[in-house]
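Asker: I'd like to ask you about the structure that follows.
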Amino acid sequence: MHIDYGGVVLQNEADVEMRIVIPLLQGSPYLDIPEPFIKPKKYLAPTPFNRKAGLTSGGFPDFSVWIRSFPVLIVEAKPPDVPVEVGYHEAQMYAAYLNQNYPTGINPAHFVFATNGVDFMAGCWDSKPAISGKVIDLLPQSTVTVEFQKLCGRLILEDHAHKCLLAAKAKRFLLPYNLAGGQALLRATVNLNQFAAPLAPLLQRYFSSSKQSSIKEIVERAYVSSDEVTEYDRILESLLKERVSARRGNTVEYLHPERGGEENFQRSISIFANDENLSRLDRREGHLQLIQGAVGSGKSLFMERYKQTLQPKAAKEKTKWATVDFLGAPVSLVGAEDWLCRTFIDSFQIDNRDIDFSDISVLRGIYSRKLQQKKPIYAELEKASAEKAAIRRAEDMLEWQDNAEDTTRGIAEYIMGSRQEALVVVMDNVDRLDRDNQLAAFQLTLWFLNLTRAFVVLQMRDETYERYKDRPPLDTYRTGVVFHISPPRFIDVVKRRLELSIEYLSKEAGRDKTYEIESGMRIRYSVEELQNFLTRLYNALFDRNRNISRVLEALAGKDVRRALEIFGAIITSGYLSTTTIASNTLGSGDVWLKEHTILRILMRTNRRFFSKDSGFVQNIFAYDDACEKPDNFLLIEILFYLFKNKKTVGLINVEGYFTCTQIADAMQKMGYVPDDVFLTLRHLTRTELVVTDRMNTTDLIWQDSIRILAAGWVHLRLLSGRFEYLFGCIPTTPIRDQKTAQQLADLLKIEAERGELLFYQKLRAVEIFFEYLWHERQAAITPFNDGPESGAEYVLGHIQESIEATKNPLKARTKNRVEDILDFER
């Protein structure tokens with residue numbers, strides 16, 4: 001059938017959808033529904049209609065309108081030659097199917113609308129059409145249009161969604177810790193491990209110190225060379241792997257710092273520092289050297305090690321260094337030129353003590369260009385008085401010293417011109433800024449390069465460079481060689497630092513120490529036994545046959561600083577039983593460090609109970625207080641979605657990255673309010689279980705793209721099935737059933753009083769927790785989140801397996817291992 005409405009031709013269903021349905025839904029004179037609320041056919045999976053409708057296969061509604069996680073309007077379009085009654089009936093049947101999957105009393109798919117371009121019908125899912133007529137009569141402000149708006153216009157739909165939300169929203173939640181003692185419970189601490197107390201200076205010296213003397217010792221004796229880096233296992237490799245590629249006209253080269261040097265970086269400096277280039281004065285060419293890698297991958301440590309240790313002796317004698325630390329930069333780098341120059345000047349004076357800035361000959365060298373420009377004026381003054389000319393020169397140099405830009409240019413000209421030495425300036429910690437400031441730092445560095453014509457090293461985050469290398473301002477760096485540095489593994493870094501610590505302890509041989517075990521007995525031990533403690537602790541943590549090493553690697557990611565912080569917390573933790581240490585470490589027992597002990601340390605560090613502020617892991621069952629429709633599985637579903645789709649290319653054309661809007665759309669089908677999803681994404685970003693394309697941990701916006709990190713994966717894959725983790729999450733998990741919350745709180749009170757629950761009490765606590773989560777899941781099932789490949793079902797399966805394994809450990813050990821879906825490379 002061919003319909004012509006004054007030039008608007010309708011020949012098929014697609015014409016009806018585009019030229020009739022969309023304008024009626026979105027147009028302000030009609031229903032005025034915002035475009036993001038309207039979901040096309042592909043948004044919904046095919047769902048079997050009731051066979052009584054006369055259909056025997058699955059189907060889709062052409063459009064559905066979603067508000068606050070509810071499908072409130074179902075729309076069917078038909079070709080002009082199909083009766084509109086067919087479309088209306090199909091829309092009703094789809095709405096009925098949706099409604100029957102929601103709790104009693106909640107019928108979100110309340111409104112239906114159908115048209116074939118000629119006729120239309122609109123009404124409710126369980127009744128005859130409330131309005132019907134000819135499409136041609138739906139004119140702005142006409143009687144039939146006003147009735148149409150009053151039936152299912154935007155305000156009506158939003159009001160209905162709000163009512164559904166209120167009906168679905170459970171009573172306020174309770175936090176078990178609040179019923180067991182409140183914040184005082186979470187603030188309570190345990191004493192540090194006395195056996196490891198003598199290690200405190202070592203931890204400060206080799207694991208967290210920022211003192212220059214310690215850094216010098218670390219770069220000389222504890223640096224992990226490229227040939228010493230081991231490999232991750234398959235899954236962690238896929239999440240922590242380097243994302244580096246080259247482009248036409250541009251080369252990415254890996255830095256391979258060995259014990260004797262790093263030839264690629266040295267070659268680059270040598271080319272710049274040749275006599276021909278340095279002697280060209282105004283024609284001298286500066287050099288910008290990009291070094292990319294992950295945050296915490298060791299870029300700063302590499303530069304320090306190169307400067308102190310790897311740099312050839314001859315080059316070292318002819319090279320001056322300065323470092324600009326961008327962690328001290330202004331919040332905005334727009335107009336930060338003066339800050340950059342002043343920071344450079346301060347660093348140069350600290351790093352190059354052999355150049356005395358109070359020496360008049362040095363000052364004349366620095367300001368020689370400006371002195372030369374004023375030479376005619378000084379000559380005239382000297383005719384009258386040599387003293388006046390000298391005073392004028394001194395006054396001018398004092399004025400120039402106040403001008404940071406003039407002084408910066410002068411230092412560069414003095415070093416590379418008068419002294420014929422190379423000047424290397426390192427822009428440090430740029431990678432720790434967010435994306436926008438990283439790009440601004442690049443622009444600022446170009447300005448500095450043009451000013452000084454020095455050899456400037458700019459450290460950037462690898463993902464920033466890879467994504468923006470073909471866009472301004474990075475596209476100006478078209479023909480340079482980009483150096484990439486790969487982070488050493490947690491296991492490799494800790495090993496070298498421990499070797500240094502053990503060597504340090506060996507110097508104290510013969511000086512025995514004492515500590516007190518739980519029974520009150522004091523035990524004497526030697527430095528050698530303390531060294532043995534460190535060695536055995538390392539072996540227990542990083543045994544490849546134990547999952548705990550994967551947890552540690554994933555939580556640290558590529559951040560060496562975080563890895564060292566985690567290890568330091570483990571060494572000194574009060575949860576390491578001093579009695580066990582005495583009987584095993586000082587004796588000859590087997591590996592004594594149990595997985596549940598390490599998990600407890602990672603969760604609680606020195607706190608009695610786990611909370612969001614107590615350790616290195618997160619509670620995946622928690623949610624934001626501001627959520628409109630709270631749910632213990634929202635965070636889990638987001639992580640599960642991101643992992644399942646980590647090989648899918650998102651809107652920014654990078655694998656695994658999806659905008660907040662895309663994620664919210666996917667979650668809305670599962671019953672989650674988009675604003676709740678956004679709040680949860682903000683939390684995941686802050687806690688570094690996911691990363692944004694802007695590398696920001698605050699100020700999240702809907703357009704930001706998100707990717708799961710290894711830490712997010714390990715929470716789902718490993719921690720969700722660990723009894724200690726599940727038990728630890730109980731105090732801070734929101735519980736919407738008062739009886740359950742009180743039962744759990746009563747057990748927490750016992751733990752607070754006694755220090756530890758009996759085995760059967762802990763088991764009962766986790767069983768109560770599981771039963772509660774299972775019932776919450778059943779109450780929240782929709783047609784779109786029910787299935788084996790949902791995050792909720794995945795985690796509930798892990799919890800059940802954990803309970804069974806705790807009850808029957810022998811059976812669990814002999815049970816055939818089943819491949820986990822989160823172990824598949826998708």
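Asker: If you wrap a convex hull around the Cα atoms of region 708-754, how much volume per residue is inside, in Å³?
Answerer: Values: hull volume 4.3 nm³, N = 47.
Measuring per residue, one finds 93 Å³ for the Cα hull of region 708-754.
Asker: Across region 572-577, in residue order, what do the Karplus-derived ³J(HN,Hα) couplings come to in whole Hz, using 6.51 cos²θ - 1.76 cosθ + 1.60 with θ = phi - 60° and x for Gly and Pro?
Answerer: So the Karplus estimates, Gly and Pro as x, are 9, 4, x, 7, 7, 4 Hz.
Asker: Using modelled amide H (1.01 Å from N, peptide plane; none on Pro or chain starts), what sits under 5 Å from the amide H of Ser705, excluding residues fewer than 5 places away?
Answerer: Placed amide hydrogens put Asp693, Arg694 under 5 Å from Ser705.
Asker: Follow-up. Based on alpha-carbon centroids, what's the gap between region 165-195 and region 597-614 in Å, whole number please?
Answerer: Taking the Cα centre of each part, region 165-195 and region 597-614 sit 13 Å apart.
Asker: Sort the following peptides by mean Cβ neighbour count (other Cβ atoms within 10 Å, averaged over residues), highest first: 348-356, 664-672, 131-139.
Answerer: On the way: 348-356: 13.2, 664-672: 22.2, 131-139: 15.0.
Order by mean packing, descending: 664-672, 131-139, 348-356.
Asker: Working with all protein chains in place, sort Lys495, Lys313 by solvent-accessible area computed with a 1.4 Å probe, largest first. Please report the intermediate quantities before stating the final value.
Answerer: Numbers: Lys495 95, Lys313 155 Å².
Heavy-atom accessible area, descending, gives Lys313, Lys495.
Asker: Arrange the residues Glu262, Glu793, Glu753 by how much accessible surface each exposes, largest first, with a 1.4 angstrom probe.
Answerer: Descending order: Glu753, Glu793, Glu262.
Asker: Round to a whole angstrom and tell me the spacing of the C-alpha centers of region 305-365 and region 685-706.
Answerer: One Cα centre to the other: 34 Å.
Asker: Provide Leu288, Leu758 ordered by accessible surface of protein heavy atoms (probe 1.4 Å), highest first. Can you show the working numbers first?
Answerer: Values: Leu288 15, Leu758 90 Å².
From most exposed to least exposed: Leu758, Leu288.
Asker: Let me ask another. Tabulate in residue order the Karplus-calculated ³J(HN,Hα) for region 450-456, using 6.51 cos²θ - 1.76 cosθ + 1.60 with θ = phi - 60°, rounded to whole Hz; enter x for Gly and Pro.
Answerer: So the Karplus estimates, Gly and Pro as x, are 5, 6, 9, 6, 8, 8, 10 Hz.
Asker: Which ³J(HN,Hα) values in Hz, rounded to whole numbers, follow from the phi angles of region 87-102 under the Karplus curve 6.51 cos²θ - 1.76 cosθ + 1.60, where θ = phi - 60° and Gly and Pro get x?
Answerer: x, 5, 5, 5, 4, 4, 5, 5, 4, 4, 5, 4, 5, 5, 9, 9
Asker: Provide the net charge surrounding His162, with neighbours chosen by a C-beta distance below 15 Å and charges set as Lys +1, Arg +1, Asp -1, Glu -1.
Answerer: On the way: positive: Arg68, Arg154, Lys163, Lys169, Lys629; negative: Glu158, Asp159, Glu628, Asp675, Asp676.
For residues surrounding His162, the net value is 0.
Asker: With each label point set 7 Å from Cα along the Cα-Cβ vector, what nm distance links Val331 and Glu688?
Answerer: Spacing of the two 7 Å Cα→Cβ label points: 2.3 nm.
Asker: Now for a separate question. Just to confirm, what accessible area per residue do you get for region 594-649 at 1.4 Å probe, in whole Å²? Numbers along the way, then the final one.
Answerer: On the way: 1750 Å² over 56 residues.
With the other protein chains kept in place, region 594-649 gives 31 Å² per residue.
Asker: Same structure, new question: Around Ser573, which amide H atoms from residues at least 5 apart in sequence, or from another chain, sit under 5 Å from its own amide H, with H modelled in the peptide plane?
Answerer: So Ser573 has HN proximity to Asn193.
Asker: To the nearest 10 square angstrom, how much accessible area does Lys316 have with a 1.4 angstrom probe?
Answerer: Number for this one is 100 Å².
Asker: In nm, to one decimal, how far is the modelled label at Glu85 from the one at Asn178, with both set 7 Å along Cα→Cβ?
Answerer: Those two pseudo-labels are separated by 5.6 nm.
Asker: For region 275-434, which whole percent of the accessible surface, found with a 1.4 angstrom probe, sits on carbon and sulfur atoms? Numbers along the way, then the final one.
Answerer: On the way: 3770 of 7730 Å².
C and S fraction of accessible area: 49 percent.
Asker: Which far-off residues, 5 or more places away or on another chain, put their amide H under 5 Å from the one on Gly133, with H placed in the peptide plane?
Answerer: Under 5 Å from the amide H of Gly133: Phe120.
Asker: So what's the net charge close to Phe344: Lys and Arg +1, Asp and Glu -1, counting the other residues with Cβ under 12 Å from its Cβ?
Answerer: Details: positive: Lys320, Arg342, Arg409; negative: Asp325, Glu337, Asp338, Asp346, Asp351, Glu405, Asp428.
Computed value for this residue: -4.
Asker: Within the set Lys42/Lys629; Lys42/Lys150; Lys594/Lys629; Lys163/Lys762; Lys39/Lys612; Lys612/Lys762, which residue pairs have Cα atoms separated by over 31 Å? Kindly include the intermediate steps, with their values, before the conclusion.
Answerer: Working: Lys42/Lys629 25 Å; Lys42/Lys150 29 Å; Lys594/Lys629 39 Å; Lys163/Lys762 40 Å; Lys39/Lys612 37 Å; Lys612/Lys762 21 Å.
Among Lys42/Lys629; Lys42/Lys150; Lys594/Lys629; Lys163/Lys762; Lys39/Lys612; Lys612/Lys762, the Cα-Cα distance tops 31 Å for Lys594/Lys629; Lys163/Lys762; Lys39/Lys612.
Asker: Counting Lys and Arg as +1 and Asp and Glu as -1, what is the net charge of the other residues whose Cβ lies under 14 Å from the Cβ of Leu757?
Answerer: On the way: positive: Arg600, Arg608, Lys749, Arg754, Lys762, Arg764; negative: Glu724, Asp746, Glu751, Glu753, Glu756, Glu767.
Charge balance near Leu757 sits at 0.
Asker: Would you tell me the accessible area of Phe542, worked out with a 1.4 angstrom probe on the heavy atoms of the protein chains, in Å² to the nearest 10?
Answerer: 20
Asker: Something else now. Pop the C-beta distance of Arg342 and Glu285 into the FRET formula with R0 = 35 Å and round what comes out to the nearest 0.05.
Answerer: Numbers: r = 25 Å, r/R0 = 0.73.
The pair Arg342/Glu285 has a calculated efficiency of 0.85.
Asker: Provide the solvent-accessible area of Ser368, counting protein heavy atoms only and rolling a 1.4 Å probe, rounded to the nearest 10 Å².
Answerer: Per-residue accessible area (Ser368): approximately 50 Å².
Asker: Tell me, how many Å apart are the Cα centres for region 58-129 and for region 707-737?
Answerer: The distance from the Cα centre of region 58-129 to that of region 707-737 comes to 39 Å.
The values are calculated or read from the model by the stated rules, or taken from the named source; none is laboratory data. None of the values given here were measured: they were computed from a predicted structure. All Cβ positions, even for glycine, are placed from backbone atoms using ideal geometry, and neighbour counts span all protein chains on display. All accessible areas refer to the heavy atoms of the entire protein, side chains included, with ligands and DNA or RNA removed. Shrake-Rupley method; radii C 1.70, N 1.55, O 1.52, S 1.80 Å.
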